[in-house]
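For reference, the structure discussed in these notes is given below.
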Amino acid sequence: MPEGNWFTFEEHVQACCACDLHRGIRNKVPGQGDPHSPLMFIGEGPGEQEDAQGLAFVGAAGQLLTRMLQAISLPRERVYICNVVKCRPPGNRTPDMQEMQACLPLLREQFLLVRPRIIILLGATAARAVLNPDIRITRDRGRWVERKGVWFMATYHPSYLLRSPERKAEAWKDLQSLRAQLMAMKLYPDLYDTLHDN
Ligand code: URA
């Protein structure tokens, strides 16, 4: 992301040793996509494939995320995708509170660079870290929350959908809701024709 403060951000990510997760990783995974996207996706943390490639959501869950975006006619390169933690937790365990807290300044820095208007939180871990520690994903998914002009919605994590395909119908509703919100906010006027609801 060769642009202004993105260099500094990249340096901060690479230099970070604010928790122990950086020990034993192959690559940091800062996130990638359109650096000024109006739409940001935040997952939990890198998995094996992401750790190997240094890119967010490139494994099986990432492929499902790509297909979910395609389902609402959104090319993946038009969004920004990252995670709460930038280093793979050993064995893909859930990052703990201290690790997520240690990584939040990087997420904030990233948020200030992208300045998205909508943030989709993928799974309970991201939703709890960013929005509200009391979130229960089955109860709270699909609800829009506005904070300081930014709209947030939590939905199921694609890895969970791969394990629990019976939840895909609810995820589909969330995607339709996202599409409607993008249209209402006129965030991708070239993709969504608001007159004809294509
Ligand atoms: N799961 C995540 O939460 N993030 C990734 O980048 C890949 C899988």
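The values are calculated or read from the model by the stated rules, or taken from the named source; none is laboratory data. Bear in mind that the values here come from a model prediction, so they are computed numbers and not experimental data. A quick note on method: Cβ atoms are made from the backbone with ideal geometry, for glycine too, and the neighbour counts reach across all protein chains shown. Just so you know, the surface numbers come from the protein's heavy atoms only, side chains and all, with ligands and any DNA or RNA stripped out. Shrake-Rupley method; radii C 1.70, N 1.55, O 1.52, S 1.80 Å.
In table form, for the structure just shown:
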item	result
Count - residues of the range 35-50 that are open to solvent by 40 Å² or more (accessible area, probe 1.4 Å) and more than 14 Å from the ligand (Cβ to nearest atom)	1
Contacts under 9 angstrom Cβ, first residue in the range 90-118 being under 20 Å from His36 (Cα atoms), partner among the polar types (S, T, N, Q) and part of a helix (DSSP H, G or I), 6 or more apart	Glu109/Asn5; Glu109/Thr8; Leu112/Asn5; Leu113/Asn5; Ile118/Gln181
Any hit, the range 84-99, residues being hydrophobic (A, V, I, L, M, F, W, C) and open to solvent by 50 Å² or more (accessible area, probe 1.4 Å)	yes
Test: residue in the range 177-193 that is over 20 Å from the mean Cα position of the chain (by Cα), surrounded by 17 or more Cβ atoms within 10 Å (Cβ to Cβ) and in contact (Cβ under 8 Å) with a residue 24 or more places away in the chain	yes
Failed condition for Val150, given (1) within 16 Å of the ligand (Cβ to nearest atom); (2) free of Cβ contacts under 8 Å to residues at least 60 places away in the same chain; (3) over 12 Å from Ile42 (Cα atoms); (4) in contact with a Pro (Cβ under 9 Å, 6 or more places away or on another chain)	(1)
Filter result for Gln53 (at pLDDT 95 or above and either under 22 Å from Leu182 (Cα atoms) or buried (at least 21 other Cβ atoms within 10 Å of the Cβ) (or both))	no
Within the range 158-172, considering residues that are touching a residue at least 24 places away in the same chain (Cβ under 8 Å) and more than 12 Å from Met68 (Cβ to Cβ), the one surrounded by the most Cβ atoms within 10 Å (Cβ to Cβ)	Ser159
Qualifying residue in the range 13-31 (condition: more than 12 Å from the ligand (Cβ to nearest atom) and either of a type in the set (Val, Ile, Thr) or within 14 Å of the chain's Cα centre (by Cα) (or both))	yes
Residue in the range 85-115 that is nearest to the ligand (Cβ to nearest atom), counting only those that are among the hydrophobic types (A, V, I, L, M, F, W, C) and under 17 Å from Val58 (Cβ atoms)	Val85
Subset tally (residues that are open to solvent by 60 Å² or more (accessible area, probe 1.4 Å) and in a helix (DSSP H, G or I)) for the range 112-157	4
Failed item in (1) open to solvent by 50 Å² or more (accessible area, probe 1.4 Å); (2) over 16 Å from His12 (Cα atoms), with Arg108 passing the rest	(2)
